[in-house]
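Since the structure comes first, as structure tokens, the remarks are kept for the end.
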Amino acid sequence: MKQKIKLATTILLCFVVFSCKKEKTVVPEDISDQPIVLGCSDEAALNYNADANMNEGCIYQSDIKAEQKALGIYFTSTGCPSCGGGGTAAFQTIVDNNSPDVIPISVHVKYGDPYILEESDELASIIGYGFQTPYYFIGEYDVMVISGGTIHMSQVLTKASNRVASIVNNDPIISSTSKLVFEDTILRVYYVAEFLQSVEGQYSIAVYLLEDETVYPQSNGSTDPYYHQYVWSVAINGTIGESIVENGSEVGQTFVGSKTIEFEKRWNANNLYAITVIWKDGEEIVNVSKSSGNSLL
């Protein structure tokens, strides 16, 4: 029997919402005078919440894929001439060459970039990035090859592909997924992780909100307007996230979590998604996945 770590907080919202598509949220007549508790009310789901009386954000066993993925990290900046002049295209080549085994994220740093997060420097410090842009990592593994101030891209591409292959050829220890629910001025994120092997050590789950097709001027950009991809927009529960287990786990143990954040006016819900990153001991990226579905309420 799977063990479940219960949801830390229950979201209470005292107003009625109706779904315009996908997962429909309807107020049952028999609870119309009660406080609304949003969450998954389907007992068949991994994130079933017995207190929920309005159904949303259910994650099922079929949503969690027993797959090992690599996190492709691109350190960039809107003020970086080399990024607009080819660095971004080179990162896209890394992604394309290793699809679907790599999940990309663009971490903006330097030059007062508007996309810089408070967590950007912390992530850089954890994986050992030295603040040169453009710069590429596969997980916490540096894949740059620089000699005489010149980036040797053919060697970078080979090094990146070799690292991705070494990661995805392993059986996954833990897998995860997430779902987003958009409602007017708020965004709710539901996420689940499941151990596929018995392990020792401390594991945590971080949920990052990413945005594609976001428009902002790029130094030496080849197009106007310039569209940025895989932009790390919010560290929903911090850089290394929240603890799943402190001292190891057995096969089948499941972690369930959720967060609510304010929906920013500049965002386009159609271009937003989440990735879940599993960390070990706060320093090693174990696995990563992309959100399995969104709902608009």
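Residues are listed down the side, and each one gets a yes or a no for (1) touching a helix residue (DSSP H, G or I) at 6+ places or on another chain (Cβ under 9 Å); (2) within 30 Å of Pro134 (Cα to Cα):
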{"position": "Tyr216", "(1), (2)": "no, yes"}
{"position": "Gly221", "(1), (2)": "yes, yes"}
{"position": "Trp232", "(1), (2)": "yes, yes"}
{"position": "Ile236", "(1), (2)": "no, yes"}
{"position": "Val245", "(1), (2)": "no, no"}
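Take Phe131 and decide whether it is assigned to a loop (DSSP other than H, G, I, E, B) and closer than 22 Å to Gly238 by Cα.
Taking the combined requirement at face value, the residue satisfies it.
Quick check on my filter: what residues within the range 251-288 are among the polar types (S, T, N, Q) and either under 21 Å from Glu213 (Cβ atoms) or part of a helix (DSSP H, G or I) (or both)?
Asn268, Asn270, Asn271
Do any strands (runs of 3 or more DSSP E) entirely within the range 146-213 hold 3 or more residues that are touching a residue at least 24 places away in the same chain (Cβ under 8 Å) and of a type in the set (Val, Ile, Thr), and if so, which?
Where strands (runs of 3 or more DSSP E) fall fully within the range 146-213 and carry at least 3 residues being touching a residue at least 24 places away in the same chain (Cβ under 8 Å) and of a type in the set (Val, Ile, Thr), they are 174-183, 186-195.
Is at least one residue of the range 139-147 over 30 Å from Pro81 (Cα atoms), buried (at least 20 other Cβ atoms within 10 Å of the Cβ) and modelled with pLDDT of 95 or more?
no
For Thr223, all conditions in the list (1) crowded, with 16+ Cβ neighbours inside 10 Å; (2) free of Cβ contacts under 8 Å to residues at least 24 places away in the same chain; (3) not in a helix (DSSP H, G or I); (4) not acidic (Asp, Glu) hold save one; what is the number of the exception?
(1)
Can you find, within the range 101-128, the residue that is modelled with the lowest pLDDT among those that are touching a helix residue (DSSP H, G or I) at 6+ places or on another chain (Cβ under 6 Å) and assigned to a loop (DSSP other than H, G, I, E, B)?
Filtering first and then ranking leaves Val109.
Under the condition of being of a type in the set (S, T, N, Q) and in a strand (DSSP E or B), which residue from the range 51-91 is surrounded by the fewest Cβ atoms within 10 Å (Cβ to Cβ)?
Selected residue: Asn55.
The values are calculated or read from the model by the stated rules, or taken from the named source; none is laboratory data. All values derive from a computational prediction rather than experimental measurement. FYI the Cβ positions are ideal-geometry reconstructions off the backbone, even for glycines, and counts take in every protein chain you see.
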